[in-house]
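Reading through the structure tokens given below for one structure.
The values are calculated or read from the model by the stated rules, or taken from the named source; none is laboratory data. Bear in mind that the values here come from a model prediction, so they are computed numbers and not experimental data. Note that each Cβ is placed from the backbone with ideal geometry, even for glycine, and that neighbours are counted across all protein chains shown.
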Amino acid sequence: MDYAKMEMRLVYAHTLNELIEENPNVYCLEADLSKASGTNPAVLEKHPKNFINVGVSEANMIGIAAGMAVEGKIPFCASFTCFASRRVYDQITISVAYANTNVKIVGTAPGITQGPNGGTHMCFQDLAIMRAMPNMHVYSPCDPFELRSAMKFMAKSKQPTYMQLVRSVVPQIFNEGYQFEPGKAALLREGTDVTIAATGYMTQFALKAADELSKKGISAEVLHFPSVKPLDEKAIIASAKKTGAVVTVENQNIIGGLGGAICEVLSEQYPVRVKRLGVPDKFGEVATEEYLFNKHGFGIPHIVEAAASIVRKNGIQE
Amino acid sequence: MNSSHETPGKAELEKLAKDFRFIITDMICKAGSGHLGGALSLVEVIITLYYRIMKTDPKNPLWDERDRLVLSKGHAGPVLYVALALKGFFPKSWLGTLNKDGTRLPSHVDRIQTPGIDMTAGSLGQGLSCAIGMAVAAKKDGKNHRVFCIIGDGESNEGQIWEAALFAGHHKLDNLIAICDYNKLQIDGRTDDVLTLEPLADKWRAFGWEVFEMDGHDWHAIYETINRASEVKGKPRMIIAHTIKAKCHCQYENQVSSHNIKVPDEATYRKVIEGIPHDHELNYCED
């Protein structure tokens, strides 16, 4: 299968099929958004016995998943990020994280990728709130091969996990053999003047911004964090030691997500200048990606400007 | 293994219930506070389940063929702890540690902490969904054990209970037996005043469940009703147990204030413990 050109949601569905074929204890749980998640018809038709649609009842889905996990099942529960995280925050906290049940929660269409669904559906805080939950891993893969590797890890681990899933086609960043590891960042581009730290959907834009910065004579290092929790503290500290300046970029509120996590680490262990890019504590709205990038200032030109500005502040001339 | 129960006689059951009520009250008093009312209302139901109905193995709490119990009204933990301790799931000495620093017996049930607790509960409304997940898993694997779930009447205000009810009815989960501890009192008052559940039996029937009602303090009724419910095929079963909150406690019985009592000092302790009938001081923490 040509995963590189496939919609991420279909990569999710086909990978889930493989996982079910390898281990019949893997289950696909949906709450009436199975077409949006890509699992209907892909998983429904191939593995109907491992496909459970609970209807529009996300709280019940999390509880059922927890009960199944207690009995040794490995449920992957998907819904839009807003319903998979904030709507069921207490259910995940108690029935999954606190009870330590092996449930995998997949939040689809994160942040501004909700586009036409607008402010009610744009969840800008899932990374932050899920990260603040003890015993929870939080992932946000950036391309099809990383998604596949992360899912394979999730199916083998016993770790309660929340994962963001971008639904659309995204540019290929990794090769087939790439191995996802929780708590490991990927150094996508080496640089010396500034570190751009990104996760999930925003990593592709961070790479493009680094290209633009190179044209301006600024050497940007790009660190991708597929795992926002656990966070690769060593990688960000090493990079900060090298560049002395960090710009974080995420498809989220700038409060508490990747930027927040990185600030926590650097402020305690190696303080350098940091600029957080993302949504500056605002709600979403029905709009195009370009409009939202411009309004909130976290598209490619904004990353470039933020990186150049932080380099200037550190006294290095362009 | 406890798969075939030696049937305790009525006198023995009555003595067990008396001991349970004394131990629960004493544990809560020694903890300084606790959910007395909703634990005392479940005494006969829990004794019947653990001494006459459920397949369990105290030496192997995770025995695959056991019947499961999710105490969704997790604040009633103490009544379940007494059953589990007396059955030998863990040392009786643990009973003296309720809510103490470092305890394995927290106020709300916790599957990580306590052998024999099949699911963590305490945030109301969640346990029925978890029990459904266990029942679904059993069906998928062709296993024959039953999944019991005890919910509260106040808990039935939670929307998730009714999401779960819809699902279990739709999927005809006939390995699931839910019991509603209908003591008709919740934290802020009478259930009929706070948010009425009536007509409760009709509601569950409308959601596709086979519904039974019983006197939740009548040994014969409890045993017969659970057995009759177990025989129903093609539907999940709801047993509405009509109970009395803080049953048998002379100050707290049927009182709203019994939900969570405070026992700040020795004088209060003496008064509360004297309110529960007992023949002698039980050294219940000795194995």
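Quick notes on this structure:
- Any hit, segment A:166-180, residues being under 16 Å from the mean Cα position of the chain (by Cα), in contact (Cβ under 8 Å) with a residue 24 or more places away in the chain and crowded, with 24+ Cβ neighbours inside 10 Å: yes
- Among residues of segment B:138-158, those that are more than 15 Å from B:Leu69 (Cβ to Cβ) and out of contact with any Gly (no Cβ under 7 Å at 6 or more places or on another chain), counted: 10
- B:Leu49 falls short on exactly one of the conditions (1) aliphatic (A, V, I, L, M); (2) more than 27 Å from B:Thr243 (Cα to Cα); (3) touching a Phe, Trp or Tyr at 6+ places or on another chain (Cβ under 9 Å), and that condition is (2).
- Test: residue in segment B:275-287 that is at negative phi and outside any loop (DSSP other than H, G, I, E, B): no
- Some residue of segment B:93-109 being within 18 Å of A:Glu71 (Cβ to Cβ), at the interface with chain A (Cβ under 8 Å from one of its Cβ atoms), β-branched (Val, Ile, Thr) and not in a strand (DSSP E or B): no
- Checked against (1) farther than 13 Å from A:Ile303 by Cβ; (2) out of contact with any Lys or Arg (no Cβ under 8 Å at 6 or more places or on another chain); (3) of a type outside the set (Val, Ile, Thr), A:Gln204 meets all criteria but (1).
- Condition met for B:Ile47 (buried (at least 18 other Cβ atoms within 10 Å of the Cβ), touching a strand residue (DSSP E or B) at 6+ places or on another chain (Cβ under 9 Å) and in contact (Cβ under 8 Å) with a residue 12 or more places away in the chain): no
- Only one of the numbered conditions (1) within 14 Å of chain B (Cβ to nearest Cβ); (2) surrounded by 24 or more Cβ atoms within 10 Å (Cβ to Cβ); (3) within 18 Å of the chain's Cα centre (by Cα); (4) outside any strand (DSSP E or B) is not met by A:Tyr12, and that is (1).
- Enumeration of residues in segment B:230-252 that are over 17 Å from the mean Cα position of the chain (by Cα) and not in a loop (DSSP other than H, G, I, E, B): B:Ser230
- Of all residues in segment B:165-192 being under 19 Å from B:Glu253 (Cβ atoms) and without any contact (Cβ under 8 Å) to a residue 60 or more places away in the chain, the one that is farthest from the chain's Cα centre (by Cα): B:Asp192
- Pairs are defined by a Cβ separation below 8 Å, a sequence spacing of at least 6 or placement on different chains, a first member in segment B:12-32 that is surrounded by fewer than 23 Cβ atoms within 10 Å (Cβ to Cβ), and a second member that is assigned to a helix (DSSP H, G or I) and small (Gly, Ala, Ser); the pairs so defined are B:Lys30/B:Gly96.
- Segments classed as helices (runs of 4 or more DSSP H), wholly inside segment A:23-115, with at least 3 members that are more than 9 Å from every other protein chain (Cβ to nearest Cβ) and at pLDDT 95 or above: A:34-37, A:42-46
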